[in-house]
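Undergrad: First the structure, then my questions, so here it is.
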Amino acid sequence: MQQSETITKSYLNGEVVEGKSFINGEWVEGKSNRIYKDLNPYDRSIIAETQLASKEQTVRAFEVAEEAQKEWAKSSVEERNEVIKKASEYLTEHREEIVQLISRETGGTLLKANIEHGLAMAVLLEALNYTDQLGKVNEVPGGPEGKVNKIYRLPLGVISSISPFNFPVNLSMRSIIPAIALGNAVVHKPDIQVGLVGGVILAKAFEYAGLPAGVFNMLLTDIEEIGDEMLTNPIPRSISFTGSTAVGRHIGSIAGKNFKRVSLELGGNSPFVVLSDADIDQAVNAAIFGKFIHQGQICMIINRIIVHKNIHDEFVAKFTDKVKGLAYGDPQDPNTVIGPLVNEQQLQKAIGFIDLAKQEGATMVLEGKREGNVLTPSIITNVKNDSKVAQSELFGPIALIIRAETDDEAVKLANETDHGLSSAIFTSDLEKGEKYALAIDSGMTHVNDQTVNDAPNIPFGGTKASGMGRFGNPWVIDEYTTMKWISVQTKFRDFPF
């Protein structure tokens, strides 16, 4: 499909949504000599052209954030709550426009776009429940007679935020709003492929909300332009990143050397385990959603479907029959379930996994075909759990089905991966399901549900190569604050010398 050179503009509140960075409360053109063309993944039409921000502008953003944070740290609970409420008001009033832009820029269906907007709003509003934790003082006993121990919760400082292309509004907001709600400043870099919804829209919301200049800064740029400045700059005290495990390792190595905190939500290889006593029809319904929402481009997406041998064939037959009926094509069509992959590289990578599965001797029950920039679903059986394709994060509409001899083996196979983000188990015995759920080494396991679940008040995060740190209230509070012990000696103490 040929790229159209005509810019199909997007509007918000009657104004064109432009690809500009937001630094110190001002919309600025990038100072790089490079222009990025933001493409619609479905038809490759140009949504916006962005002059990329330079490394010097990135350094400047951190400097203004550091100054702004000093005053924002003194803000009251009421002031921070007002910003959150006003930002919520903005995103609510412009929901339809934002949903349309999410669909156009990410290639997601309208269902996915609405889900994403709802998740982002939930994260935003949950912050109202913990703004009062900043500055909270707890007294604890101990020490010499007359000593009063006070433990203060203080802002961390400046946060470096880096978000991905797949759920850019939600995955940006879940780092940004806890930081701001707890008295920190943020320098945020969304994936440039989704810079409008992952960055510009959020900056507009905070601008409308009256957030003081410099507390939130947003850069439309890429690694080629700024290198590791988001990681190595000495000002940020923490790096929040959602993306691949490979990049997460790189961030971790830099952060470790510079004694920076990290919040890393990385890759996944989520197992969907169907035990011998499962309700097959319900398991199929859940697996369809958990595998194919947003074309499989979600860290939590079902990556391996592991089915007990006694029900394997029936599951495959019913699963295949339903997958064949999934509508694919234009994500702006409300009936579409399978839209385009985000770019040509991801599309070719997914096709490569199909070819790899064939080479490894798996069976193609349903082979996906390229239709424009859409890859239709694939179903692959006789997959070995230790094969390269099964141990890879597919990030595409490709369902791998693995046969297990016993329920115990199914759970064993589920654990045979370097990753541990999300997982799911289907069974009619809820007590057994919970027992097995505890045995799976992942940050989250869902009994009789699929793997793609999120909420603002749960400890969201993974184990092993799927990352470290937890989002969600109250766990995120510890991620973005520091504790300080102040003791007051009310009675003079005697010293031994």
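Undergrad: Out of all the residues in the stretch 124-137, which are assigned to a helix (DSSP H, G or I) and touching a strand residue (DSSP E or B) at 6+ places or on another chain (Cβ under 8 Å)? Break it down stepwise before answering.
TA: In the first step, residues of the stretch 124-137 are kept if they are assigned to a helix (DSSP H, G or I); the result is 124-129, 131-133.
Within the stretch 124-137, Q133 is the sole residue that qualifies.
Undergrad: Report those strands (runs of 3 or more DSSP E) wholly inside the stretch 194-275 carrying at least 3 residues which are under 27 Å from Q297 (Cα atoms). It would help to see each step written out before you state the result.
TA: On the way: elements: 216-218, 238-242, 261-265, 270-274.
Those strands (runs of 3 or more DSSP E) span 238-242, 261-265, 270-274.
Undergrad: Next question, about the same structure. For residues that are among the polar types (S, T, N, Q) and in a helix (DSSP H, G or I), scanning just the stretch 175-193, find the one that is nearest to K20 (Cα to Cα). First the steps, then the outcome.
TA: The first filter runs over the stretch 175-193 and keeps only residues among the polar types (S, T, N, Q), leaving 175, 184, 193.
Still in the running and in a helix (DSSP H, G or I): 175, 193.
Working: S175: 21, Q193: 14 Å.
For the stretch 175-193, the residue satisfying everything is Q193.
Undergrad: How many residues does the stretch 313-331 contain that are surrounded by fewer than 24 Cβ atoms within 10 Å (Cβ to Cβ), in contact with a helix residue (DSSP H, G or I) (Cβ under 6 Å, 6 or more places away or on another chain) and either farther than 15 Å from D281 by Cα or among the aliphatic types (A, V, I, L, M) (or both)?
TA: 0
Undergrad: How many residues does the stretch 106-131 hold that are surrounded by 22 or more Cβ atoms within 10 Å (Cβ to Cβ) and in contact with a Phe, Trp or Tyr (Cβ under 9 Å, 6 or more places away or on another chain)?
TA: Of the residues in the stretch 106-131, 7 are surrounded by 22 or more Cβ atoms within 10 Å (Cβ to Cβ) and in contact with a Phe, Trp or Tyr (Cβ under 9 Å, 6 or more places away or on another chain).
Undergrad: Kindly provide the set of residues from the stretch 119-150 that are closer than 26 Å to I235 by Cβ and not aromatic (F, W, Y), ordered by number.
TA: Within the stretch 119-150, the subset closer than 26 Å to I235 by Cβ is 123-124, 127, 130-131, 133-136.
Hits for the stretch 119-150 are V123, L124, A127, T131, Q133, L134, G135, K136.
Undergrad: Take I354 and decide whether it is part of a helix (DSSP H, G or I) and hydrophobic (A, V, I, L, M, F, W, C).
TA: Yes.
Undergrad: Okay, next question. Going by the conditions given, is N166 out of contact with any strand residue (DSSP E or B) (no Cβ under 7 Å at 6 or more places or on another chain), under 15 Å from A87 (Cα atoms) and either of a type outside the set (G, A, S) or in a helix (DSSP H, G or I) (or both)? Talk me through it step by step, then tell me what you get.
TA: Values: out of contact with any strand residue (DSSP E or B) (no Cβ under 7 Å at 6 or more places or on another chain): yes; under 15 Å from A87 (Cα atoms): no; either of a type outside the set (G, A, S) or in a helix (DSSP H, G or I) (or both): yes.
Criteria not met by N166.
Undergrad: Still on this structure, I have one more. Can you work out which of the residues in the stretch 132-155 that are touching a Gly at 6+ places or on another chain (Cβ under 9 Å) and either buried (at least 22 other Cβ atoms within 10 Å of the Cβ) or closer than 14 Å to I477 by Cα (or both) is modelled with the lowest pLDDT?
TA: Across the stretch 132-155, the extreme among qualifying residues is G135.
Undergrad: Just give me the residues in the stretch 455-497 being of a type in the set (S, T, N, Q), loosely packed, with under 15 Cβ neighbours inside 10 Å and under 21 Å from S160 (Cα atoms), in sequence order.
TA: Hit for the stretch 455-497 is T482, nothing else.
Undergrad: Go through the stretch 184-229 and report how many residues are on the phi > 0 side of the Ramachandran plot and in contact with a Phe, Trp or Tyr (Cβ under 6 Å, 6 or more places away or on another chain).
TA: First, the residues of the stretch 184-229 that are on the phi > 0 side of the Ramachandran plot: 210, 214, 227.
Pick out the ones that are also in contact with a Phe, Trp or Tyr (Cβ under 6 Å, 6 or more places away or on another chain) and you get none.
Total satisfying the criteria: 0.
Undergrad: Please pick out the residue among G248, G210, G268, G290 that is within 27 Å of W72 (Cα to Cα) and either at pLDDT 95 or above or surrounded by fewer than 17 Cβ atoms within 10 Å (Cβ to Cβ) (or both). Before the answer, list the steps.
TA: Numbers: G248 fails: within 27 Å of W72 (Cα to Cα); G268 fails: within 27 Å of W72 (Cα to Cα); G290 fails: within 27 Å of W72 (Cα to Cα).
Selected residue: G210, the only one of G248, G210, G268, G290 that is within 27 Å of W72 (Cα to Cα) and either at pLDDT 95 or above or surrounded by fewer than 17 Cβ atoms within 10 Å (Cβ to Cβ) (or both).
Undergrad: At least 2 residues that are within 30 Å of Y328 (Cα to Cα) and either modelled with pLDDT of 95 or more or in contact with a Gly (Cβ under 7 Å, 6 or more places away or on another chain) (or both) in each: list the strands (runs of 3 or more DSSP E) lying fully within the stretch 379-497 that qualify. First the steps, then the outcome.
TA: On the way: elements: 398-404, 424-426, 481-489.
The qualifying strands (runs of 3 or more DSSP E) are 398-404, 424-426.
Undergrad: Can you spot a residue in the stretch 85-98 that is under 19 Å from the mean Cα position of the chain (by Cα), crowded, with 19+ Cβ neighbours inside 10 Å and aromatic (F, W, Y)?
TA: no
Undergrad: May I pose another question? For the stretch 301-312, which positions are touching a strand residue (DSSP E or B) at 6+ places or on another chain (Cβ under 9 Å) and surrounded by fewer than 23 Cβ atoms within 10 Å (Cβ to Cβ)?
TA: Taking the stretch 301-312 and keeping what is touching a strand residue (DSSP E or B) at 6+ places or on another chain (Cβ under 9 Å), we get 301-309, 311-312.
The answer is H308, K309, I311, H312.
Undergrad: Show the residue pairs meeting these rules: Cβ distance below 8 Å; 6+ apart or different chains; first residue within the stretch 291-319 and assigned by TED's automatic domain parsing to the domain that holds R104 and assigned to a strand (DSSP E or B); second residue crowded, with 24+ Cβ neighbours inside 10 Å and hydrophobic (A, V, I, L, M, F, W, C).
TA: Filtered contacts from the stretch 291-319: no entries.
Undergrad: Taking G108, is it part of a helix (DSSP H, G or I) and either within 22 Å of the chain's Cα centre (by Cα) or aliphatic (A, V, I, L, M) (or both)?
TA: Details: part of a helix (DSSP H, G or I): no; either within 22 Å of the chain's Cα centre (by Cα) or aliphatic (A, V, I, L, M) (or both): yes.
Criteria not met by G108.
The values are calculated or read from the model by the stated rules, or taken from the named source; none is laboratory data. Note that the structure is a prediction, hence the values are computed from the model and not measured. Glycine also receives a Cβ, built like all others from the backbone with ideal geometry; neighbour counts cover every protein chain displayed.
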